[in-house]
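Worksheet: the structure to be examined is printed underneath.
We did not get these values from a lab; they are worked out from the coordinates using the rules stated. None of these values were measured; they are calculated from a predicted model. Because the Cβ atoms are built from the backbone with ideal geometry, glycine has one as well, and the counts that use them run over all protein chains shown.
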């Protein structure tokens with residue numbers, strides 16, 4: 001039996017601007033990521049990587065084609081419905097952790113539970129389990145100013161998993177970290193992808209991190225090129 005598809009882009013085109021100022025950010029892009037699979041996307045600046053994340057996350061509607069999160073056709077939904085899908089099915093990990101300065105690590109995760117309804121003791125237990133899984137259970141009561149950059153990024157990963165997402169979208173997770181901390185973060189993302197069975201799409205410029213991905217896709221001029229092995233891409 002084949003693995004379940006967590007994220008699929010089907011012949012997606014995204015045209016930005018009007019008239020003579022139009023730019024094709026994505027050009028007939030198709031891809032599939034199964035649950036429990038981590039796929040890295042590399043490519044030069046302006047190749048369409050950020051646009052791909054935005055469309056897959058329902059932050060921008062494609063001009064043509066469709067995005068599926070599991071069995072949900074994201075592109076067929078109204079704005080309010082897409083917002084609901086983002087809350088319930090998609091986790092985002094950004095270049096910066098974007099934590100709320102006044103909240104502890106635990107409260108960062110509990111905020112997600114508040115957004116999705118009235119938090120329960122079960123939510124708090126889940127939050128603590130996630131913090132433990134990223135090695136921060138002992139620092140659950142610390143605020144961002146009391147944590148290192150790598151620790152804040154780990155809180156961000158735990159927070160992205162709090163809503164039990166089907167899809168994890170990751171934007172340059174190592175850009176603010178040194179090599180060792182960056183390696184720890186990407187290794188953690190790969191581990192959490194398998195452990196929680198999410199479909200992870202990670203954009204990165206850091207070729208040294210590609211060995212942790214299951215597959216590597218390269219983007220050029222808004223197109224996705226054939227997949228290669230992580231080690232072959234890193235050697236290019």
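Brief remarks on what is shown
- Over the chain, dividing the summed -39,500 (n - 2.57) contributions of all DSSP H runs of at least 4 residues by the number of residues returns a 222 nm mean residue ellipticity of -10500 deg cm²/dmol.
- Multiplying the residue separation of residue 88 and residue 221 by 0.36 nm and removing their Cα-Cα distance gives an extension gain of 44.7 nm.
- FRET efficiency for residue 100 and residue 205, using Cβ-Cβ distance with R0 set to 35 Å, rounded to 0.05: 0.80
- To the nearest ten degrees, helix 179-196 and the longest principal axis of the Cα atoms of the chain are 90 degrees apart.
- Overall form of segment 102-236 per C-alpha gyration tensor (a/c, 1.5; a/b vs b/c): prolate
- Cβ-Cβ FRET estimate between residue 125 and residue 187, R0 fixed at 30 Å, reported to 0.05: 0.75
- Principal semi-axes in Å for segment 30-155 [√(5λ), Cα gyration tensor, largest first]: 30, 19, 13
- Computed from Cα positions, the angle between helix 121-133 and the longest principal axis of the chain comes to roughly 70 degrees.
- Cα-based helix-to-principal-axis angle, 79-89 vs the chain, degrees rounded to 10: 60 degrees
- Take every DSSP beta bridge whose two residues both sit in the chain; close to 50 percent of them are antiparallel.
- Modelled spin-label separation between residue 138 and residue 21, with each label point placed 7 Å from Cα along the Cα-to-Cβ direction: 5.5 nm.
- Zone residues, segment 45-61, relative to residue 164, backbone N less than 12 Å from point 7 Å out along Cα-to-Cβ: none
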